[in-house]
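Below you'll find the structure, written out as structure tokens, and then a few comments.
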Amino acid sequence: MKTWDAIVVGAGHNGLVNACYLQRAGLDVLVVEKNKWIGGAAVSRSLTPGFLYSNCSYVCSLFRPEIMRDLDLPRFGLQVISYEGGAVFTRDGDYLANYRDHHAHRREFARFSKKDAEAYDRYARDVTRQCRFIQPLLMRTAPDPTSLKPRDIGELVYLARKFAGLGAREMADTMRFWTMSISDFLDEYFETDVIKANLSLSGIIGTALGPMSPGTAYVLLHHYMGEVDGSVGAWGYARGGMGAVTQALADSFRASGGTIRTQAEVEEILVKKGQAAGVVLSDGEEIHGRMVISNADVKRTFLKLVDERELPEIFLRRVRNFRMRGSSGKLNIALDSMPEFPALPPDSPCVRADLHFTDTVERMERAYDDWKAGRWSADPFLDVVIPTTLDPTMAPPGKHFMSVFVQYCPPKVEGREWTDADRDAFAETVISQIVDYSPGFRDRIVHMEVRTPRELEAEVGLTEGNIFQGELTFDQLLFNRPVPGYAQYRSPIGGLYICGSSTHPGGGVMGAPGRNAALEILRDLKRGTSHMSPAHDVI
Amino acid sequence: MTSSDETRWDAVVIGGGHNGLVCAAFLGRVGRKVLVLEAEEQIGGAGRTHEFAPGFRVSMAHLLNRLHPEVVKALELEKHGLDLSPAHQVPTVALSSEGKPLILTGAYGEGLEGADASEKQAWAEVRAQLFRYADILKPLLARRPPSLDGMDLAASSAWAMTGLSLKRLGREDMRDFLRVLLMNVADFCDEGLQDDRLKGLLAFDAVLGSHLGPRSPTSLLGLYYRLAGELGGAPGAQLVPAGGTGAVMAAVRKAAEAAGVTIRTSAVAAKVFVEKGRATGVMLDSGEDIRAGKVISALNPATTFLELVGPQHLDTGFVRRVSNIRMKGDAAKLHLALERIPAFNGLPQQYRNARLVIASSTDYVERAFNPAKHGEFSPEPAMEITLPSIGDPSLAPTGASVLSATIQYAPYLLKEGWVAGKPKLLEAVLSVLERHAPGIRKTILHSELLTPADIEARYRMPGGHWHHGELQADQMLMSRPVFGAEGYHTPLPGLFLAGSGSHPGGGIFGVPGMNAARRVLGGRA
């Protein structure tokens, strides 16, 4: 029976990135995926004829350009179409537009407040500075501060030097920034509600925190650090939906000789004498491998797939305490015509990008208060995009696909499991908010897929439906992600690694965890890594 | 006046609260001629004891839990009348409106009554862990915050001590320390404890005095801050001072006077003189000029820089940072004059002197917090209650009782305004009290509710914030009160800060005053 060099559990983007790098280093790699399709949370699915849904992740920006180039993804069909701006609709019938161009954006702010327009320069400069400091950390393995290994100490010294290089005042600003709430941070610059609401949304998307929770200013960076085609902070649609990212990865993987098996659900990771030895599929088939790399989240990997007796108690306790409460839901809607937004001028470019209907930080925070009480938000925060405005491949001519990201949506409803009736009521809450700003919207709906944390867990395998495979709070970042002592993609079991968003630097369709894990694995195997570009700082 | 005028005082301290007095006393002891200016008739700031109804006396700050041992020792406060004896130390009771209360005896729960055996065991472990971690932070809290601008010996030794004690924890404990440091208190409690009352109490103590809920990340820091305090050598101990906190203030005053400090009350500082970029004295609102070699403000940093100094003497970036200090208080204070000692549900007689906490679960505290974010008060507030007249009957007429309660949350900027809101808050507070002590409302002779706006006006604390600025991670250490004034110095030579707005923060601690004095003297702090 064949023994693979490495078996990757899960064909999400991080699993595939990891597999690509290992295969290119000369290993014989098998990727096993439980679904019929590959992609994890980066998929394009056809659930109604003629339409493609990016039914989980829906926009592209964070994906690391180094990976894009190393793995030749454009050659395998990945194309990212960057989009411009977006808008926040206000309840008085006006709107605030977003423009990528700093000066245009500033002029738009001036329509609401001269002071805020001036502050925007200062704000943009300060945020860019924070990005510049943090971005290089994404592509590095976090050092273990309790370790005396030269590599960890060297890395700590690198970080300390980099920090000291900021100069005293910026060091102080950086330290404050890390623990501030996005709301408090914005209060230091702006006075206009809608401007603050507009900028604060990046601090909360995907996190189980409200804009007034300390630590959300940092989450903002996770959404600012991206780039599309070398354009920093830009966002775009993957042509053909987010599945195009994972398809290109899969094609690149196969082109270098890798093997993918779908409909192969892993039930157990085999461990022999403390060493990973392969996987057992749900139909009982055993596949042998010298290494197993799990793209599943940390809880699923160690609490479901591995026999607990193989793991030390302290590790298990920490994994159990790892928090991954789902906080978002998603509606994927097929529309038979382009919805109208009367607040926008005709031909406004804003409809081609993010649309929001939450015009104050207070409304966002109240939406979070509902989540804390175990309910979906009565007045939710929506991030709406219509990718078909720029990418005609996802719907028949004249028709559109709309992705509605919804925050907040709890993993359980007031402590009990979701029911279909709950799900429908949740969808209705969302639709009625859209209708308030787009009359006639309801009549354009051809088909709709509603996803609560329940569906995300069942289909994608994300525990509690947490889209980042674990909350991005201080106790779960850097050397604490996923758990202290095992933040370097390894586990207590020899030859068992993890490479998903549960690991540093966390979620988003970024690919960094998969790449960083590959680097660590190749280091353990004492293999060359010349096929992996070093991280470059672009900001 | 010109700068050639004779300087009479070596130092003038603005503000006769405990930090101002402590600072003055430390300076006086080494022979400096020091004048303290107190705006009110009485010294002691928020620690003074006042008569709020005929025969009933109380202090805004009603508990003592962290007066720093170095302050007590160096100023010989016990000789000057401070009584820290264990006899006055009190337990904490987590009240429950239906079931039995949970009682934490000894210094912050050395013993736990009213919980089952497994929870007692769990608490013993969690408590030990909390104190172990609080101990690591202690040296950082007692010293001047480390400077980012090239470290001096004193600062790096504080870091080194912290690093060393971290290493001493052992590897796994150190990992847990680094993991939980910036965690929220609700999740922390859920990891180790079961009892809602206990979790609610810890959550309450963590967020007391700050604009955070138990589920806000970093809220666990507040609990460390509380547990880093000690009294009479007992970490976590607390006492309801005899004579009210005013008696503590009197001891500090005596220490200052014994050190040769001159104290002037009813002397309101209106302006700090700045000449050639240097602070040279203080002008009173009467127009009187007081010249001094050093000016030390124990007032709130915003008041100090924006009102007394004035933005024209400071650079724009600094002024912006000062204006951005968050200091909108969330705690109100209730004083009740009661006909008789109230009876709380299930509270044994011998624990009536305790600190009584109404915070039945972390969710209770979190729900109380929610409205505060939106400019509304909690319809079901959490509170900390003491009956100071039990330990010191002189605070109330015979047979009667004083009830003192800190109420959370009551935001400084109430949307509907405090004129309309105050009676409604009082009603909410009294109905919660009535639930826990049935019949109490009928025994109320007089009530005084101080909203943050009232506290601001009465105690000259902007925002009514007793820490003189939110005590949150981004306003701690070298960011307290702001970068550029973090080591008790300021951008103006000759001007220093000595109040709770400086590191490490508020409570009757005395460390800002002590460290400021050391800084003024140019020595280690």
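Hull surface divided by four, with the convex hull built on the Cα atoms of the stretch A:260-393: how many nm²?
For the stretch A:260-393, averaging the hull's shadow over all directions gives 13.8 nm².
Per-residue counts of other Cβ atoms within 10 Å, averaged by peptide: what ranking do you get for A:367-373, A:70-76, A:143-149, highest first?
A:367-373, A:70-76, A:143-149
Under a straight-distance cross-link criterion of Cα-Cα below 16 Å, which lysines are reachable from A:Lys196, leaving out those fewer than 8 residues away in the same chain?
Cα-Cα hits under 16 Å: A:Lys114, A:Lys115, B:Lys373.
Once you have the Kirkwood Rh of the protein assembly as shown from its Cα pairs, apply Stokes-Einstein at 4 °C and 1.567 mPa s and quote D in µm²/s.
On the way: Rh = 30.8 Å.
So the translational diffusion coefficient is about 42 µm²/s.
For the stretch B:378-525, just list the percent of Cα-Cα distances falling in each 5 Å bin from zero outward, please.
So the P(r) values, bin by bin, are 2, 8, 13, 16, 14, 13, 11, 9, 7, 4, 2, 0.
Based on the Kirkwood radius over alpha-carbon pairs, what value in µm²/s does the Stokes-Einstein equation return for the translational diffusion coefficient of the stretch A:111-154 at 10 °C and 1.306 mPa s?
Here the translational diffusion coefficient equals 118 µm²/s.
Taking the alpha-carbon centroid of each part, what is the distance from the stretch B:367-383 to the stretch A:304-350 in angstrom?
30 Å
Please give the helix B:418-436 orientation as an angle from the longest Cα principal axis of chain B, in degrees from 0 to 90, rounded to the nearest 10.
Rounded to the nearest ten degrees, it is 40.
Considering the dipole of the stretch B:1-101 built from charges on the beta carbon (Lys and Arg +1, Asp and Glu -1) around the Cα centre, which of B:Val36, B:Val90, B:Gly15 is farthest to its positive end?
B:Val90
Can you tell me the orientation of helix B:511-520 relative to chain B, as the angle in degrees between its alpha-carbon axis and the longest Cα principal axis, to the nearest 10?
The angle comes out near 10 degrees.
Take the alpha-carbon centre of the stretch A:467-525, take the same for the stretch A:29-93, and report the distance between them in whole Å.
Value for the Cα centre distance between the two parts: 22 Å.
Taking +1 at the Cβ of each Lys and Arg and -1 at the Cβ of each Asp and Glu, which of A:Val245, A:Thr207, A:Met175 sits farthest along the dipole of the stretch A:164-301 towards its positive end, judged by Cα position relative to the Cα centre?
The one lying farthest along the dipole's positive direction is A:Val245.
How long are the semi-axes of the equivalent ellipsoid of the stretch B:73-139, defined as square roots of 5 times the Cα gyration tensor eigenvalues? Whole Å, largest first. Kindly include the intermediate steps, with their values, before the conclusion.
Numbers: eigenvalues 168, 70, 15 Å².
Ellipsoid semi-axes (Å, largest first): 29, 19, 9.
Give the lysines whose C-alpha is closer than 17 Å to that of B:Lys33, dropping any in the same chain fewer than 8 places away, or say none.
B:Lys254, B:Lys294
Give the Cα extents of the stretch B:363-450 along the principal axes, in whole Å, largest first.
Each principal axis gives a Cα extent; for the stretch B:363-450 these are 43, 29, 21 Å.
Using helices alone, what [θ] at 222 nm do you get for the protein assembly as shown, with -39,500 (n - 2.57) per DSSP H run of 4 or more residues, divided over all residues and rounded to the nearest 500?
-10000 deg cm²/dmol
Give me the percent of DSSP beta bridges within chain A that run antiparallel, rounded to the nearest 5.
70 percent
Given charges of +1 on the Cβ of Lys and Arg and -1 on the Cβ of Asp and Glu, with all other atoms neutral, how large is the dipole of the stretch A:86-211 about its Cα centre, in debye to the nearest 20?
In total the dipole reaches around 500 debye.
Taking θ as phi - 60°, what are the ³J(HN,Hα) couplings along the stretch A:457-470 by the Karplus curve (6.51, -1.76, 1.60), each to the nearest whole Hz, with x for Gly and Pro?
5, 5, 8, 8, x, 7, 4, 6, x, 7, 6, 9, 6, x
Once you charge only the Cβ atoms, +1 for Lys and Arg and -1 for Asp and Glu, what is the size of the charge dipole of chain A about its Cα centre, to the nearest 20 debye?
My answer is approximately 1680 debye.
Per residue of the stretch A:60-76, in order, report the coupling 6.51 cos²θ - 1.76 cosθ + 1.60 (Karplus, θ = phi - 60°) as ³J(HN,Hα) in whole Hz, putting x for Gly and Pro.
10, 6, 7, 4, 5, x, 4, 5, 3, 6, 3, 9, 6, 4, x, 4, 8
Work out the mean other chain Cβ neighbour count within 10 Å for the residues of A:177-185 and drop it here as an integer.
4
How many Cβ atoms of partner chains, on average, are near each residue of A:206-213 if near means within 10 Å of its Cβ?
3
When 1/r is averaged over all different Cα pairs and the result inverted, which Kirkwood radius in Å belongs to the stretch B:190-236?
One over the average 1/r among Cα pairs gives 11.4 Å for the stretch B:190-236.
Taking every pair of Cα atoms in the stretch A:157-209, average 1/r, invert it to obtain the Kirkwood radius, and report Rg/Rh to two decimals.
1.10
Using only Cα atoms and rounding to the nearest 10 degrees, what angle (0 to 90) does helix B:245-258 make with the longest principal axis of chain B?
Compared with the principal axis, the helix lies near 30 degrees.
What Rg and what Dmax come out for the stretch B:319-393 when only alpha-carbon atoms are used, in angstroms?
So, for the stretch B:319-393, Rg and Dmax equal 16.8, 53 Å respectively.
As I understand it, the dipole of the protein assembly as shown uses +1 on the Cβ of Lys and Arg and -1 on the Cβ of Asp and Glu, about the Cα centre. Which of A:Phe426, B:Pro423, B:Ala46 lies farthest toward its positive end?
About the Cα centre, the residue reaching furthest to the positive side is B:Ala46.
Over the stretch B:202-330, what is the relative contact order in percent, taking alpha-carbon pairs closer than 8 angstrom and at least six residues apart?
Working: 120 pairs, mean separation 19.5, N = 129.
Reported as a whole number, the value is 15 percent.
If you take the alpha carbon radius of gyration of the stretch B:1-115 and divide it by 2.2 N^0.38 Å, what ratio comes out, to two decimals?
Relative to the 2.2 N^0.38 Å estimate, the stretch B:1-115 comes out at 1.52.
Rounded, prolate or oblate, given the Cα gyration tensor of the stretch B:59-193, with a/c below 1.5 counting as rounded?
Details: a/c = 2.41, a/b = 1.21, b/c = 2.00.
Cα axes put the stretch B:59-193 in the oblate bin.
Under a cut-off of 19 Å between alpha-carbon atoms, report the lysines in cross-link reach of A:Lys34, not counting same-chain residues fewer than 8 places apart.
Candidates past the 8-residue exclusion: A:Lys299, A:Lys304.
On average, how much area does the Cα convex hull of chain A cover when viewed from any direction, in nm²?
23.8 nm²
Apply the Karplus curve 6.51 cos²θ - 1.76 cosθ + 1.60, θ = phi - 60°, to the phi angles in the stretch A:46-56 and return the couplings in whole Hz, x for Gly and Pro.
Going residue by residue, I get 9, 10, 8, x, x, 10, 10, 10, 7, 8, 10 Hz, with x marking Gly and Pro.
Ranking B:Cys189, A:Cys131 by Cβ neighbours within 10 Å, fewest first, what do you get?
So the residues, fewest neighbours to most, are A:Cys131, B:Cys189.
Averaged across orientations, what area in nm² does the convex hull of the alpha carbons in the stretch B:304-441 project? Each step should come with its number before you reach the end.
On the way: hull surface 45.8 nm².
If you wrap the Cα atoms of the stretch B:304-441 in a convex hull and average its projections, you get 11.4 nm².
Hey, got the dipole for the protein assembly as shown? About the Cα centre, +1 on K and R Cβ, -1 on D and E Cβ, debye to the nearest 20?
2540 debye
In whole Å and largest first, what semi-axes does the C-alpha gyration tensor of chain B yield when each eigenvalue is scaled by 5 and square-rooted?
Details: eigenvalues 259, 145, 94 Å².
Here the semi-axes work out to 36, 27, 22 Å.
Find the eigenvalues of the gyration tensor of the Cα atoms of the stretch A:1-153, then list the square roots of 5 times those eigenvalues as equivalent ellipsoid semi-axes, largest first, in whole angstrom.
39, 26, 13
Any read-out appearing in this document is the output of simple, stated calculations on the displayed coordinates, not a laboratory observation. Here the structure is a predicted model, which is why all the values come from computation and not from measurement. Glycine gets a Cβ as well: all are built from the backbone with ideal geometry, and neighbour counts include every protein chain shown.
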